[in-house]
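Below is one structure, written out as C-alpha cells; the observations come after it.
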Amino acid sequence: MKKDEIIKFIENVLLAEGCLKQPAINDQVYDFELKNKCIIPVDLLFLLKITNGFDFKLVRFWPLNEYKSLSRFFTEDESKVFYTDYRKNQLPEEGAGLLFDSEGKWLLKEQEFYFIFSDYNIESSFWAINLSEGETNNVICVYVSQNAYRNVANSLSEFIEIFNSQGLEFLI
C-alpha cells in the first residue's frame, strides 16, 4: 500500500474544494464485512479512516454504507437492468468484458464481491473493487449502458496512483 499516494489524493481533493465526509469508524467497517462476507483491504481501510466518502469535481466516492455489490445493484434497481442492453455484443474497447450474456445472465465472475465505491458524472460509469478473500482486489470500471466493464487497476492504491499521475481519463 502506498500511503503517500492516498494522502496526495486527499490533498488534491481538498485543493479542488472537494467535500470530505467524516471518517468511517471501526463498527461500520466490521458490520459491512460481516454483512457482506468480505474483507476490506488495507489501502481502502486507510482511505476510509481519513474520509468516508467525498465529492470531487465529477467524481463521487461513496460512503461505506452506500457500497453495493454489482449483483445487488442490478437486482435492486430495475431501471439499471432496463438501461443495460444485453443484446450488445460489441465491446466498447479492447480489454473490456461483457457484464451479461444475451439472456441477461452474468458473465463477470464474482459479481457479488465487486462493490461499487465510486461513480463518475452522476452515475454514467462506476468503479467497483473486488472484496473477495482472494489475493487481488482489482478495480473495474463498469459501463452500465454498454453492458461492459474494464479492469483499470490491480488495487485501490494503484487506482489512486493512476488518478494522481495520469488523470481521471485513464480510469474511465
Could you grab the pairs with beta carbons closer than 8 Å, sequence gap of 6+ or different chains, first residue in segment 83-111 and closer than 16 Å to Cys141 by Cβ and in a loop (DSSP other than H, G, I, E, B), second one of a type in the set (S, T, N, Q) and at pLDDT below 65? Leu99/Thr84
Kindly list, by first and then second residue, each pair from a residue in segment 60-77 that is within 20 Å of Leu34 (Cβ to Cβ) and modelled with pLDDT of 85 or more to a residue that is loosely packed, with under 15 Cβ neighbours inside 10 Å and not charged (D, E, K, R), limited to pairs with Cβ atoms under 6 Å and residues at least 6 apart or on different chains. none
Of all residues in segment 1-47, count the ones that are at pLDDT below 75, in contact with a strand residue (DSSP E or B) (Cβ under 7 Å, 6 or more places away or on another chain) and assigned to a loop (DSSP other than H, G, I, E, B). 2
When you go through (1) in contact with a helix residue (DSSP H, G or I) (Cβ under 6 Å, 6 or more places away or on another chain); (2) crowded, with 23+ Cβ neighbours inside 10 Å; (3) under 17 Å from Arg60 (Cα atoms) one by one for Phe159, which number turns out not to apply? (1)
Quick count over segment 116-166, residues being within 22 Å of Trp106 (Cβ to Cβ), aliphatic (A, V, I, L, M) and at pLDDT below 90, is 2
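The values are calculated or read from the model by the stated rules, or taken from the named source; none is laboratory data. Here the structure is a predicted model, which is why all the values come from computation and not from measurement. Reconstructed Cβ throughout: ideal geometry from the backbone, glycine too, with neighbour counts over all protein chains shown.
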